[in-house]
Amino acid sequence: MKNKIIHFFSILFLVTTVIFLSNACKEIGPAIDLTGSGAAQDTTFVTTPDAAQAKVILLEEFTGVRCINCANGHVAAASLKAANPGRVYAIALHSFNLDEPYLYSFIDLTLDKAEQIQQAYAAGTSKPSSMIDRVIFPGESSPAYLLAKWPGYVSTRLAATTPVNVELTNNYNNATRELEIKLKIQYTALVTDQNSFTIYLAENNLITAQLMPTGDVDTNYVHNDVMREIITPNGGSSLPEAAVVGRTYLKTFKITIPEDFDPSELEVIAFVHKTGASNEILQTAVKKIL
């Protein structure tokens, strides 16, 4: 009996040792930053950079369905995009002011995160107004500008260069409605400011009531570039490593698209921006889901 007990504990010790050594030999990777809906991958390294991209501009347009001039803002944003294909993009932020849906509206476009963006960067601004790469131009006190100033400031930004490349790849599973977003950020020049990145989800061809400049309400108005979600925190996710030439970040996010979003009309908008005294957007990338 004594020999059986000794034999049992010998086997138990051996099994425990094997399990311990097996676990001890496993490689433990870096902590994963589960930002927003979840970053599934977070890798950074330094390499020889690709050629620098042309500057891409983002208009963050504060708008509302009860704003009598906001339809003019939509037309102006669309015209700037059409005149500068691939260089100018816009996103319509339906913050609270003048955006209460009508009783006969098909959809409520108001988004609390859009309101938070306006309060953070351009509180009290009128509609329609737009931030243009979040730049406060000389002589201005706010980064949000009324309609008449959009073309001139867009032209100024088109002449700017960018120290960072931003690339997007989207993989969508129609059966599960899971969207995988792959984001590549690569610095082509030295940057000493603190940087972050933000990811928006926008939808086109949303039909709902809009007050028109004539004073009438168009019940079947087509809204484009509407912000539907912010995948990162509102203020962005930090890029903590030194932004030396060749610094590269590879990030993968996985989210489930809500049932009331149309994947064929969705776009991902990702941009790198400063955080601190300046909130300037350095570069933007936009990619359709399908």
Could you say whether any residue in region 129-136 is within 22 Å of Val75 (Cα to Cα), hydroxyl-bearing (Ser, Thr, Tyr) and either in a helix (DSSP H, G or I) or under 21 Å from the mean Cα position of the chain (by Cα) (or both)?
yes
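Residues are listed down the side, and each one gets a yes or a no for (1) basic (Lys, Arg); (2) over 20 Å from Ala144 (Cβ atoms); (3) in contact with a Phe, Trp or Tyr (Cβ under 9 Å, 6 or more places away or on another chain):
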| site | (1), (2), (3) |
| --- | --- |
| Lys251 | yes, yes, yes |
| Ile255 | no, yes, no |
| Asp262 | no, yes, no |
| Glu267 | no, yes, yes |
| Gly276 | no, no, no |
Please give the number of the condition Ile185 fails out of (1) farther than 11 Å from Ala270 by Cα; (2) aliphatic (A, V, I, L, M); (3) out of contact with any helix residue (DSSP H, G or I) (no Cβ under 9 Å at 6 or more places or on another chain).
(1)
Looking only at region 142-156, decide whether some residue is in contact (Cβ under 8 Å) with a residue 12 or more places away in the chain, among the polar types (S, T, N, Q) and out of contact with any Lys or Arg (no Cβ under 9 Å at 6 or more places or on another chain).
yes
Looking only at region 210-258, count how many residues are of a type in the set (Val, Ile, Thr) and either closer than 23 Å to Glu60 by Cβ or under 15 Å from the mean Cα position of the chain (by Cα) (or both).
8
Specify the residue that is surrounded by the most Cβ atoms within 10 Å (Cβ to Cβ); the eligible residues are those in region 251-284 that are small (Gly, Ala, Ser) and closer than 27 Å to Thr43 by Cβ.
Ala270
Tell me yes or no: at least one residue of region 235-249 is at pLDDT 95 or above, on the phi > 0 side of the Ramachandran plot and touching a strand residue (DSSP E or B) at 6+ places or on another chain (Cβ under 7 Å).
yes
If you go through region 200-225, how many residues are closer than 15 Å to Ser105 by Cβ, in a strand (DSSP E or B) and touching an Asp or Glu at 6+ places or on another chain (Cβ under 7 Å)?
1
Taking region 244-278 and keeping residues closer than 29 Å to Arg177 by Cβ and assigned to a loop (DSSP other than H, G, I, E, B) leaves Ile257, Pro258, Glu259, Asp260, Phe261, Asp262
Single match in Gly86, Gly64 (criterion: in a loop (DSSP other than H, G, I, E, B) and touching a Cys at 6+ places or on another chain (Cβ under 8 Å))
Gly64
Residues located in region 142-166, provided they are surrounded by 15 or more Cβ atoms within 10 Å (Cβ to Cβ) and assigned to a strand (DSSP E or B):
Ala144, Tyr145, Val164, Asn165, Val166
Could you tell me whether any residue of region 219-230 is closer than 25 Å to Pro163 by Cα and either surrounded by 18 or more Cβ atoms within 10 Å (Cβ to Cβ) or not aliphatic (A, V, I, L, M) (or both)?
yes
Which one is farthest from Gln118 (Cα to Cα), of the residues in region 226-243 that are in a loop (DSSP other than H, G, I, E, B) and touching a residue at least 40 places away in the same chain (Cβ under 8 Å)?
Glu241
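The values are calculated or read from the model by the stated rules, or taken from the named source; none is laboratory data. In this text the structure is predicted, and so the values were computed from the model without any measurement. Cβ coordinates were reconstructed from backbone atoms using ideal geometry, including for glycine residues, and neighbour counts include every protein chain displayed.
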